[in-house]
Amino acid sequence: MTTSSATVVRSKSEPIVPTLGIGLPYLASLPAEIYQAGMLEFVEVTPETLCRQRPDGKAIAIDPVPDLVARARRTCDSLPIIVHGVELSIGSAHGWNEAYLEMLDSFQTSWPFLWHSEHLGFQTIPGENGASLEVGVPLPLPPTEETVRVVAARVRAIRERYGVPFLLENPAHYLPGLPTDPTVADEGGLMTAITNHGGCFQLLDLHNVYCNSVNHQCDPLAIINRMPLDRVVEIHVAGGSWQDGFWMDAHDGRVPERVWELLDYTLPRATNVAAVVFEMLDEHAAVLGPTAIAEELQRARAIWRRWREA
Amino acid sequence: MNVSLLGFQSMLGRAVRASGDPAVSHRCNVPADVPTDLTTLFASPGFRITVDVQRSWSMGRAAKSARLTLSILPPEQSRQILEQWVKAGGGTASFFATEADAFLDFIAEHLPAPSHLLTICRLEQATLRASEAARRFIAPPLSGLDLPGRVLRASRQASLVRFYAEPNLVLAALDGGAFPAMSSSIVSLLFAPGLDRLLREASGEQIALWERLIEPVEMKTLLYEGHRREVIAALTLAGATEYVEQGQRCV
C-alpha cells in the first residue's frame, strides 16, 4: 500500500491524515482495471456491501462474506482504502448499531483503513421489547444541544476504539422545520459543535449541500461557509435527479455543473482536504459506464490540481 | 426544543414508516400527539417525498430478495404482494437477507397449493436458507446420536421442495416457457448446507424421516419406528437434521 508523502498534521494529540487525491467507491460491477494507480489514488469501501446480516437472538449480526471481501481486496490491491459506513445510525437516541461496530472491528483487523466515516443521521428507532426498528431511510438529526451531546460522546468512543481519524458526513434531507436550539442553529452549527466536542473531522458532501440548497431554497455557499471547513478532510461529489419537484440525492449519474463549481469554491477554503470521492451507486455505475466515470475523475482531478498542486 | 431527541425520532420514524401505505399516499400520517411546532414538518411536501423514498427503497429491497419468485408471477400480483409487505413494515432493513425468508413465506401464502409457482417460491427460499447456512456450517459429530435421550429435529437451514413434474421441465419454464402439466408423480429435492451443491433428490426413506422430524423426536423412538441409523446419520452430517439440546425441546 502506498500513500502520498504529504500529510496534514492537526496537533500533537490528533492523528495524521495522509493526503490521497481522487478516489472512487469500491463497486463490484465496475471493471477491475479502473482500480489502478494512475486512475485513482485510493478506494472508498463500504464494508456492509461485502457482508450479510443474520439474526442473532433478538439482535442481528453482520458477517463479512469471505469471497466478496477477497474479490474486493484483489481488485483494490494496489491502492490504500478508506471506509465509508452506512449502517451505524450514530444519531439514534435509543442506541447505535453495535453489530456494525463489531463487524468493523474484524474488518479493520483484516483490512486496515486510513480513516473511516459515517453519516450524521439516524435510521433506527425503538421497537418492541427493546428491539431496534429500522425506519427504512436515513433521517436528519435536529440541530439541538441534546443531539450534540449524544453524537459527540459516541464520536469520542469511536475514535478511542479504532485509533484512526473518524469523519461525519453532512446529509441530504427534504424535511423543513426540524426542531432547533438557537445555540446550535443549523446543520453547520451542528457539525461544528460535534467536531469540536467529539474531536472528529468532517466529510463534506457537496452534492448533499446542493440538494439541500435546491430543496430548501437557500444559497449553497452560505451552507458551506457555515461548516467547520478547517475540519473537512474528505469531499464527496455525486449526481442526482429530479423527482416530484425535488432534487434527489440519487447517485445515479454525472456530477451537476453547480457541484463542480462548489468543489472549486471549497478546495481553496478547506485547506485540510485530503481526498475527493466521486460517489455513485453500484446499479447506476454500469449504466454510466467506465468512459463517463473516467471523465468525471479527470474533472475532479483537474480541480484538485488547480488548488493542491498550484 | 420542546420534545426530546428520542421522542422526536420515534415520532418521525413511526410516521415515515406508517405513511408508506399507498392507500394514504395523498396525505401525511401526522401523529395525533405531534407538537404544534412540528406540524409544518409533517405537513410538508418534504415529508411526503421522504415517505415516497422510504416506500420506494423498501419495495426495491424486498423485490431484490425474492427476485426469482416475483419474476414468474403476473406483474400486477407481484406489485400487490410487494405493496402489502411494505405496508406491513417490511423491506426496511438496509440489507434485506434477514427479512427475505419471512418475505418468501409471505409470498407463499398468496400462491395456490400445490402449484409450480409455489414450488419455485420454496426453491428460492430453500436455496437462500442452505446457502446462508453453508457459510458457517460445520457437520456435527455423529457420536452425538448415541447420547442417552438424544432428540433430533429437521433443521431450519434445510428444506424439502416438492416438484409436481420433472424438475428440469419446471426450471426450464423460468426462461419464459410454459410450465408442464401438474403430475401426480412428485420429485422431492432436499436442500441442506452440508450437501454437495446444497441439494440432492431425496429418497423415500429420507422423506419419511424428514416429515417425522418436523417435530422433535427422540433417537430411540426413530429407531423403534424403523428409521435406519445410516439414513439419520447421513441427514445429520448434511445439516438436514440437527440435535435438540436440553431446554430447546418444543414437545
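Here are some notes:
- Prolate/oblate/rounded call for chain B, Cα gyration tensor, a/c under 1.5 rounded: oblate
- Within a Gaussian network of chain A (alpha carbon springs, distance under 10 Å), most fluctuating of A:Leu68, A:Leu27, A:Leu297: A:Leu68
- Only Lys, Arg (+1) and Asp, Glu (-1) charged, at Cβ; the protein assembly as shown dipole about Cα centre in debye: 620
- Structure-based [θ]222 nm, chain B - -39500 (n - 2.57) summed over DSSP H runs of at least 4, per residue, nearest 500: -14500 deg cm²/dmol
- 5 angstrom amide H check on A:Val65, placed H, neighbours 5+ away: A:Cys51, A:Arg52
- Sparse-neighbour loop sites [GluC sites (Glu not before Pro); the range A:232-310; at most 12 other C-beta within 10 Å; DSSP]: A:Glu309
- Top positive-direction residue, dipole computed over the protein assembly as shown with Cβ charges, set A:Val277, A:Phe107, A:Thr291: A:Phe107
- The range A:44-155 shape via C-alpha gyration tensor axes, a/c threshold 1.5: oblate
- Loop trypsin sites (Lys or Arg not before Pro), the range A:53-113 (other Cβ atoms within 10 Å of the site Cβ: 16 or fewer; DSSP): A:Lys58
- Using a Gaussian network model of chain B in which every pair of alpha carbons under 10 angstrom is joined by a spring, one finds that among B:Ser184, B:Ser78, B:Ser58 the greatest mean-square fluctuation is at B:Ser184.
- Computed over chain A with a Gaussian network model linking Cα atoms closer than 10 Å, the most mobile of A:Gly177, A:Gly245, A:Gly188 is A:Gly177.
- For the range B:60-202, the gyration tensor built on C-alpha atoms gives an oblate shape. Its axis ratio a/c (a ≥ b ≥ c) is at least 1.5, and a/b is not larger than b/c.
- Put a plus charge on the Cβ of each Lys and Arg, a minus charge on the Cβ of each Asp and Glu, and nothing anywhere else: the dipole of the range B:137-244 about its Cα centre is then about 180 debye.
- The modelled label-to-label distance for the pair B:Ala108/B:Ser71, using points 7 Å beyond Cα in the direction of Cβ, is 2.1 nm.
- Its Cα centre serving as origin, the range A:81-206 has a Cβ charge dipole (Lys and Arg +1, Asp and Glu -1) of approximately 300 debye.
- Cβ-based exposure ranking for A:Thr192, B:Thr119, B:Thr39, in which fewest neighbours within 10 Å come first: B:Thr39, A:Thr192, B:Thr119
- Distance in nm between pseudo-label sites at B:Arg136 and A:Ala157 (7 Å out along the Cβ direction from Cα): 2.3
- Under the Debye formula (equal points on every Cα, no solvent term), log10 I(q)/I(0) of the range B:137-244 at q = 0.14, 0.16, 0.17, 0.19 Å⁻¹: -0.58, -0.72, -0.78, -0.91
- Of the DSSP H helices in chain B, those with a Cα length along their own long axis of 24 Å or more and a mean Kyte-Doolittle hydropathy reaching -1.0 comprise B:45-65, B:116-134.
Every number in this text was worked out from the coordinates using simple rules, so none of it is lab data. Bear in mind the structure is a predicted one, so any value in this text is a computation, not a measurement. Note that we place each Cβ from the backbone using ideal geometry, even for glycine, and neighbour counts take in every protein chain shown.
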